[in-house]
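The numbers here are math on the coordinates, done by the rules we state, and not lab data. Everything quoted here is computed from the prediction, not taken from an experiment. Cβ: placed from backbone, ideal geometry, glycine included. Neighbour counts: every protein chain shown.
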Amino acid sequence: MPRHPNKPRKLVADGRVYLWSLRHSHRALDSGRSADCRETLTLHPQPPGNGGPLRIVFAQHPGRYVPGGFPLGSGDVGFVGGGSLNLHEPGAVRALLDAALARGWQPGEHGVVEVDGWPLLEAAVAAGSRAGDSA
């Protein structure tokens with residue numbers, strides 16, 4: 001049976017459990033087209049009350065893509081002509097979590113922490129290519 005798209009998924013990293021979800025948002029123009037697309041990946045440390053959520057936001061910018069689906073896949077974010085990740089893949093979520101932890105995010109902090117995802121994506125893609133070089 002397929003997974004319900006709105007149900008959070010579980011990720012276990014370094015002995016800690018997180019629930020994570022992905023949301024796409026945008027502003028509708030009068031023409032019916034969308035603008036200001038954003039993908040927001042949210043990780044909730046578990047159990048509830050054991051720290052506040054981390055929101056990793058990928059906002060549309062020149063030279064970067066945040067599609068809402070066709071012709072690119074939902075959850076794909078990346079640099080035009082550069083690295084990319086599919087935010088529906090647990091490995092991509094883990095790589096972003098690792099990058100956020102390396103940059104100082106503390107899962108036990110209370111309150112929502114929202115960060116720009118683009119520097120994390122650069123770090124996650126670089127870490128993935130270093131891991132691939134050593135394989």
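At a glance:
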quantity	calculated
Cβ-derived FRET efficiency at R0 35 Å, SER84 paired with ASN50, nearest 0.05	0.65
Highest to lowest packing among 115-121, 102-108, scored as the average C-beta count within 10 Å	115-121, 102-108
Projected label distance in nm at SER74 and ARG16, using a 7 Å step from Cα toward the beta-carbon	2.9 nm
